[in-house]
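Remarks on the structure that follows.
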2 protein chains.
Amino acid sequence: MPSLKIYNTLTRQKELFTPIHPGFVGMYVCGPTVSGESHLGHAKPYITFDVIYRYLMHLGYRVRYVRNITDAGHFEEESRPALDKISVKAATERLEPMELVQKYTNLFHQAMDRFNCLPPTIEPTATGHIIEQINMIEDILKKGYAYVVNGSVYFDVDKYASDHHYGILSGRSLEDLKENTRHLESQQEKRHQVDFALWKNAPPGHIMRWKSPWGEGFPGWHIECSAMSAKYLGSPFDIHGGGMDLIFPHHESEIAQGEIATGHLMARYWIHNNMITVNGRKMGKSYNNTITLSEMFQGTSPVLDRAYSPMVIRFFILQTHYRSTLDFSNEALAAAEKGWNRLSAAYATLQRLSNSRDEGAGASGSPDPELEQKIRGYCQDCADSMADDFNTARVLATLFEIAPLVNGLEGGQIPRSGISQESLHLLRDCFQLYLVDLLGMLPDCGSQDSGKLDGVLELVAEMRNQARARKDYASSDRIRDALQSLGILLQDGKDGKTTWTEL
Amino acid sequence: MPSLKIYNTLTRQKELFTPIHPGFVGMYVCGPTVSGESHLGHAKPYITFDVIYRYLMHLGYRVRYVRNITDAGHFEEESRPALDKISVKAATERLEPMELVQKYTNLFHQAMDRFNCLPPTIEPTATGHIIEQINMIEDILKKGYAYVVNGSVYFDVDKYASDHHYGILSGRSLEDLKENTRHLESQQEKRHQVDFALWKNAPPGHIMRWKSPWGEGFPGWHIECSAMSAKYLGSPFDIHGGGMDLIFPHHESEIAQGEIATGHLMARYWIHNNMITVNGRKMGKSYNNTITLSEMFQGTSPVLDRAYSPMVIRFFILQTHYRSTLDFSNEALAAAEKGWNRLSAAYATLQRLSNSRDEGAGASGSPDPELEQKIRGYCQDCADSMADDFNTARVLATLFEIAPLVNGLEGGQIPRSGISQESLHLLRDCFQLYLVDLLGMLPDCGSQDSGKLDGVLELVAEMRNQARARKDYASSDRIRDALQSLGILLQDGKDGKTTWTEL
């Protein structure tokens, strides 16, 4: 395994990655709140962590990737009363909250499929882990770091900060926070304004509610991630990820709760992707520039001129390192589209070139040692870039350097004899591994099924002839029967060759 | 709204359907246990209730369709110790049970998509409703119809039967049941052999477990449906559905629990689909004839000769009334395929004919009144059939009667002037509504090649896996390269299996 370096938000530096249990990686990523349709802001973290997941598996780790669905009790500790986003919307739409949850979860999954994001290994829901959250809250209460007021439970940040390092992740100091937090009437039941809710008493009419030792209520936002990560990954686990906006208060609160409940700093490596902007401005309802994913795919957003395919958006996101900000604009997306088309074409060309046996290089000339060296260098660059904090931007930059070389080979400006078959395969495998397998980009080489069917049948006939040549009649018969069952008839010619007819 | 008649298992007769709240329908259908891949036995209920869901919406009802996912604590009250299927399998595969749950839930959803089944409005999980189940059990205990033994809670069927109608759905008598239930040591903690578990104490090493007032354990199988239906549909609600095999003990137990907990007979209309057989025999592990859905789609089942597309399977299921048994065999499926091709062709022809304005009938001749009358009759027949206990078999029979007429119009045997434009549109709309919108059949107006390609690729992947198994890397690489040159991408999975993606 190459040495993977990860920028750890916790230590503010790149560190060599060493998993807690050799060969295994536990990764928890904060998932979407399904009280509305996913927007562009969701695309970046999930594509980022999809690449990280793919890369860790490529390195040979058995990865347990947990990404939650926040479907209840999400309310932020802001200067306003606790607000369960889902219930509020359900009431206005006269829907059962779980109908909304289902609808937006389905839409989210569809979008992830279109982005070619692999499903996480476990996708737990907040409402599905109320008991686990209650158990953890009881534990924190027992240890004296929380208190009950009017059926709600609050985490005692002041007490925690007195004997633990509060602000370890975000770098914020409790004193600054105290000074900058406004005192509002609705929050008077808290001992300190910096305390946060572990459990909220449900007011009458609040639809989403569960029985608890403190009366009917619903969990605070932060507790779900602590409870679910501990359940499925143990404590501590390897990687905790999410958007940078989650560092405070969400992840800082997770750490505090988790430390009290489990006695451990919950995760070793904290990975945070930077935010996106739209035409230079932060995306948000107040700016009236939120773009939902379906608006993006369909071109119906008022902010962008036209539709961009999920692959173009994925490409655009991966062209920038995950820790950099990324600005969505028509110009930038159009450029990404061109870039993606270029690499996609180079990919197809490499497939073609490396499969055309007749023109096999190295046979009729001598490969150019400098060129050969360069090619090996490119491939090494890709490997190094991924190992250097998942630098997909540099991987793509390297593939862009390879593209003119591929075009030169295709167009004849670079003689085919100047490159060995081995190097050609190296280039092809490099595109395959980095562009397709790890960055998850799916080249669209146009699907003409019937042409493909012919081509595949050609291959199957060849396989069957080989099976017969090595007297493997079981395989030979298996091929015949499988094809017949698909309505394709194989005929064995006198010359020992197999042909087929469609029934 | 036309008068819909539904056969109610509860009353053993067809009844006029009247919803509890005018304009709204609440429907609960027992969903899959995701401890393994879905098999053919799952196709029938979910396709049946998908049509019912579509039809109720077509009638103008706002339908809340709840279908659960059983992901925990499923154990049957049979003559063997309580067995949590999921935990057992997880332990052997050395997986976290929720990883398995996620994997099989994803596969189930994919299969439902391929069958063109609409997602239910809410798809609650058993593990997501442990609190609701505990609350209901506490309520039943308080009312005196359950008892606690060694950390487990059992429903007192004997007591229930003394003042309620036990067997109301299944028609079974308690006396017969008592006589026919064997006494086993493992069940000795029950007062009566007919009692069933509401909550089971978790033995050491049992992975899936939750804290409860009775110690750590997991819920009985029956309680989840009572708790989740009450939560999302209230009590009583309109329709409870599932396979006929669920009538006893599952639905009978649900009724008993629900009656005590809510004071109501939980649902008004009980709809049960009949079972499927394979080559005349009940499908089951003991018969070695279980066919998983992916085996069905790919033609890899040892029981059937070849692959059948999801649409052919759907068509086959809907060609028989849901309350009849259905035997899967190569002959029957091949016949269904032909039938489906015929109706699909008629559908395409009707689209073509009704869109070609030049040949508009009625303009150049006088429509044949008898034919016009006949066409109106066909459409009425379809409407009547659906309203008569969802008789999809009769709807399809009527569409088969229309097909020769469509072919006659296409071939010129029936003059285009013999039918008015209005009638032609009526026929087109009739096919659209009944075949596509309500029966959910998606006509494939193009390539059968794509299905064949899938099948051949499956074979190629198999050949490649065999090549790799015998360390014949030349063949394995050759296959990969040849496919890549066709724009088909092979991916080597973690499990050593090869899958492919079209570029």
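For the range A:384-402, the condition holds for no residue, the condition being that it is more than 27 Å from A:Ser324 (Cβ to Cβ), within 30 Å of the chain's Cα centre (by Cα) and assigned to a helix (DSSP H, G or I). One residue alone among B:Tyr308, B:Tyr322 is buried (at least 17 other Cβ atoms within 10 Å of the Cβ), among the aromatic types (Phe, Trp, Tyr), part of a loop (DSSP other than H, G, I, E, B) and more than 14 Å from chain A (Cβ to nearest Cβ), and that residue is B:Tyr322. Just one of the numbered conditions (1) more than 30 Å from A:Gly220 (Cβ to Cβ); (2) among the basic types (Lys, Arg); (3) assigned to a strand (DSSP E or B) is not true of A:Lys338: (3).
Of A:Met283, A:Met228, which residue is outside the structural domain of A:Gln133 (by TED's automatic domain parsing), aliphatic (A, V, I, L, M) and either farther than 26 Å from A:Lys103 by Cα or in contact (Cβ under 8 Å) with a residue 40 or more places away in the chain (or both)? A:Met283 is the lone residue from the list that is outside the structural domain of A:Gln133 (by TED's automatic domain parsing), aliphatic (A, V, I, L, M) and either farther than 26 Å from A:Lys103 by Cα or in contact (Cβ under 8 Å) with a residue 40 or more places away in the chain (or both).
Scanning the range B:475-503 for residues that are at pLDDT 75 or above and facing chain A (nearest Cβ under 10 Å) yields B:Ser475, B:Asp477, B:Arg478, B:Ile479, B:Arg480, B:Asp481, B:Ala482, B:Leu483, B:Ile488. For the range B:203-223, filtered to residues that are out of contact with any strand residue (DSSP E or B) (no Cβ under 7 Å at 6 or more places or on another chain) and crowded, with 18+ Cβ neighbours inside 10 Å, the residue that is nearest to B:Val148 (Cα to Cα) is B:Trp221.
Only one of the listed residues (B:Met136, B:Met228, B:Met208) is farther than 17 Å from B:Phe248 by Cβ, within 13 Å of chain A (Cβ to nearest Cβ) and modelled with pLDDT under 95. That residue is B:Met208. Quick one: in the range B:463-473, of everything that is touching a helix residue (DSSP H, G or I) at 6+ places or on another chain (Cβ under 8 Å) and surrounded by fewer than 20 Cβ atoms within 10 Å (Cβ to Cβ), which residue is nearest to the other protein chains (Cβ to nearest Cβ)? My answer is B:Gln466. Looking across the range B:298-317, just one residue is touching a Lys or Arg at 6+ places or on another chain (Cβ under 8 Å) and at pLDDT below 90, and that is B:Gly299. A:Tyr378 satisfies every condition listed in (1) part of a loop (DSSP other than H, G, I, E, B); (2) under 19 Å from A:Pro2 (Cβ atoms) except (1). For the range A:390-448, filtering for residues that are within 11 Å of chain B (Cβ to nearest Cβ), among the basic types (Lys, Arg) and in contact with an Asp or Glu (Cβ under 7 Å, 6 or more places away or on another chain) leaves 0. Among the criteria (1) more than 26 Å from A:Val25 (Cβ to Cβ); (2) part of a helix (DSSP H, G or I); (3) more than 21 Å from the chain's Cα centre (by Cα), the one A:Val153 does not fulfil is (2). Would you check if there is a residue in the range A:56-69 being surrounded by fewer than 21 Cβ atoms within 10 Å (Cβ to Cβ), at pLDDT 95 or above and in contact with a helix residue (DSSP H, G or I) (Cβ under 9 Å, 6 or more places away or on another chain)? Yes: one or more hits. Only one entry in A:Ile375, A:Ile317, A:Ile313 is β-branched (Val, Ile, Thr), touching a Leu at 6+ places or on another chain (Cβ under 8 Å) and more than 30 Å from A:Met244 (Cα to Cα), namely A:Ile375.
All conditions in (1) farther than 18 Å from A:Met208 by Cα; (2) crowded, with 17+ Cβ neighbours inside 10 Å; (3) of a type in the set (S, T, N, Q) hold for A:Gln133, with the sole exception of (1).
As a summary of the residue check, A:Ile317 satisfies the conditions (1) in the same structural domain as A:Ile134 (by TED's automatic domain parsing); (2) crowded, with 24+ Cβ neighbours inside 10 Å except for the one numbered (1).
Based on this model, can you work out whether A:Tyr160 counts as outside any loop (DSSP other than H, G, I, E, B), in contact with an Asp or Glu (Cβ under 6 Å, 6 or more places away or on another chain) and crowded, with 19+ Cβ neighbours inside 10 Å? It is false that A:Tyr160 is outside any loop (DSSP other than H, G, I, E, B), in contact with an Asp or Glu (Cβ under 6 Å, 6 or more places away or on another chain) and crowded, with 19+ Cβ neighbours inside 10 Å.
Whenever a residue of the range A:1-20 is in contact (Cβ under 8 Å) with a residue 12 or more places away in the chain and within 21 Å of A:His58 (Cα to Cα), its partners that are surrounded by fewer than 12 Cβ atoms within 10 Å (Cβ to Cβ) and of a type in the set (Gly, Ala, Ser), lying with C-beta atoms within less than 9 angstrom and at least six residues away or across chains, give the pairs A:Met1/A:Gly60; A:Leu16/A:Ser3; A:Phe17/A:Ser3. For the range B:14-23, a residue qualifies if it is in contact with a strand residue (DSSP E or B) (Cβ under 8 Å, 6 or more places away or on another chain) and exposed (fewer than 14 other Cβ atoms within 10 Å of the Cβ), and the qualifying residues are B:Lys14, B:Leu16, B:Gly23.
Checking A:His250 against (1) farther than 24 Å from A:Asp158 by Cβ; (2) touching a residue at least 60 places away in the same chain (Cβ under 8 Å); (3) of a type outside the set (A, V, I, L, M, F, W, C), which test does it fail? If we test A:His250 against (1) farther than 24 Å from A:Asp158 by Cβ; (2) touching a residue at least 60 places away in the same chain (Cβ under 8 Å); (3) of a type outside the set (A, V, I, L, M, F, W, C), just (1) comes out false.
Checked against (1) over 19 Å from B:Ala227 (Cα atoms); (2) assigned to a helix (DSSP H, G or I); (3) modelled with pLDDT of 95 or more, B:Ile168 passes all but condition (2). As a summary of the residue check, B:Ile130 satisfies the conditions (1) under 25 Å from the mean Cα position of the chain (by Cα); (2) in a helix (DSSP H, G or I); (3) more than 14 Å from chain A (Cβ to nearest Cβ) except for the one numbered (3).
The residue that is modelled with the highest pLDDT, among those in the range B:87-111 that are of a type in the set (D, E, K, R) and assigned to a helix (DSSP H, G or I), is B:Lys103.
Restricting the first member to the range A:43-69 and to residues that are on the phi < 0 side of the Ramachandran plot, and the second to residues that are of a type in the set (S, T, N, Q) and surrounded by 24 or more Cβ atoms within 10 Å (Cβ to Cβ), the beta-carbon pairs closer than 7 Å and six or more apart or on different chains are A:Lys44/A:Asn273; A:Pro45/A:Asn273; A:Thr48/A:Asn273; A:Val51/A:Thr392; A:Val66/A:Ser229. Within the range A:186-240, the set of residues being part of a loop (DSSP other than H, G, I, E, B) and among the small types (Gly, Ala, Ser) comprises A:Ala202, A:Gly205, A:Ser212, A:Gly215, A:Gly220, A:Gly234, A:Ser235. Applying a threshold of 8 Å to beta carbon distances and a minimum spacing of six or more residues, or different chains, the list of pairs starting in the range B:31-42 at a residue that is outside the structural domain of B:Phe297 (by TED's automatic domain parsing) and ending at one that is hydroxyl-bearing (Ser, Thr, Tyr) and part of a strand (DSSP E or B) reads B:Gly31/B:Thr70; B:Pro32/B:Thr70; B:Thr33/B:Thr70; B:Val34/B:Thr70; B:Glu37/B:Thr292; B:Ser38/B:Thr292; B:His39/B:Thr292; B:Leu40/B:Thr292. Looking across the range B:231-252 at every residue that is among the aromatic types (Phe, Trp, Tyr) and within 14 Å of another protein chain (Cβ to nearest Cβ), the one that is surrounded by the fewest Cβ atoms within 10 Å (Cβ to Cβ) is identified as B:Tyr232.
The values are calculated or read from the model by the stated rules, or taken from the named source; none is laboratory data. Given the structure is predicted, the values throughout are model-derived calculations rather than measurements. Heads up, the Cβs are rebuilt from the backbone with ideal geometry, glycines too, and the neighbour counts pull from every protein chain shown.
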